[in-house]
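What follows is a set of notes on a single structure, which appears directly below.
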Amino acid sequence: MSKRPDLPEVIPIFPLPGALLLPRACLPLHLFEPRYLVMLEDALKTPERAIGMIQPNVTPGRDGAGLHAIGCMGRVTQFSETEDGRYMITLTGVSRFRLGEEIEGFTPYRRAQVSWTGFERDLGPHEDDPGFDRPRLMSLLRQFFAARDLNTDWESLEQADDELLINSLSMLLGFEPEDKQALLEAPSLSTRRETLVTLIEYALRGGGGEEETMQ
């Protein structure tokens, strides 16, 4: 497997449908299953504090335990324990990866070899989107939110830089898991923005998608 010298070759993986993590973005998670509490404990013992978020592949005809080929590794940057032993954590996206062979072992959670090849830009500086038409996107968003009676902090959205805005919307809006996967796999910020706009326009024309509230 290809390996970046600054990233681990084997990471714990957390299959979770509809959960999207992108490089340099933050994803809050609530852990309560025993196997994932063990995963968190083990991750915190390593320098990388790595957890690989990946979506199950529910394509018809495939084994229900299958996973998509591409996920995103996050670093545990915050965690707190609740009174009943559960954990609230925040993952900060580091880099996408391509899934390799799963590692058989004694851990109750899944681990896999991963390749970082092809995702070098994830470790670089924030991406720009020269073709970004912000007024158009904001107009679409206002229609989208009004149609679903959703609320958000419009001032924060207006002030967010291109990458933060596009990635946050990709993660938080209630698209179908396969749509989330398309946003994850977008090769550039511009491509992700184009995909995002297409999904919003489709939803406004009566397409599917779950409702979510951005706060």
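Take the residues in the stretch 122-173 that are part of a helix (DSSP H, G or I) and among the charged types (D, E, K, R), then tell me which one is surrounded by the fewest Cβ atoms within 10 Å (Cβ to Cβ). Checking each candidate, the answer is E155. Looking across the stretch 64-86, the residues that are farther than 15 Å from T46 by Cβ and within 19 Å of the chain's Cα centre (by Cα) come down to G66, L67, H68, A69, I70, G71, C72, Q78.
Pairs meeting the criteria (first residue in the stretch 35-55 and within 15 Å of A112 (Cα to Cα) and surrounded by 20 or more Cβ atoms within 10 Å (Cβ to Cβ), second residue at pLDDT 95 or above and among the charged types (D, E, K, R), beta carbons under 6 Å, at least 6 apart or on different chains) are A43/R49. Here the stretch 90-111 is the region considered, the condition is being out of contact with any Gly (no Cβ under 7 Å at 6 or more places or on another chain) and small (G, A, S), and the residue that is modelled with the lowest pLDDT is G105.
Take E104 and decide whether it is assigned to a helix (DSSP H, G or I) and not basic (K, R). Full working, then the answer.
Values: assigned to a helix (DSSP H, G or I): no; not basic (K, R): yes.
Taking the combined requirement at face value, the residue does not satisfy it.
Could you run through the stretch 91-115 and say how many residues are more than 15 Å from M39 (Cβ to Cβ) and surrounded by 14 or more Cβ atoms within 10 Å (Cβ to Cβ)? Show your work before the answer.
Going residue by residue through the stretch 91-115, those that are more than 15 Å from M39 (Cβ to Cβ) are 92-101, 104, 113-115.
Checking the rest, the ones that are also surrounded by 14 or more Cβ atoms within 10 Å (Cβ to Cβ) come to 92-100, 113-115.
Total satisfying the criteria: 12.
The values are calculated or read from the model by the stated rules, or taken from the named source; none is laboratory data. Fair warning: this is a prediction, and the values are worked out from it, not measured in the lab. Heads up, the Cβs are rebuilt from the backbone with ideal geometry, glycines too, and the neighbour counts pull from every protein chain shown.
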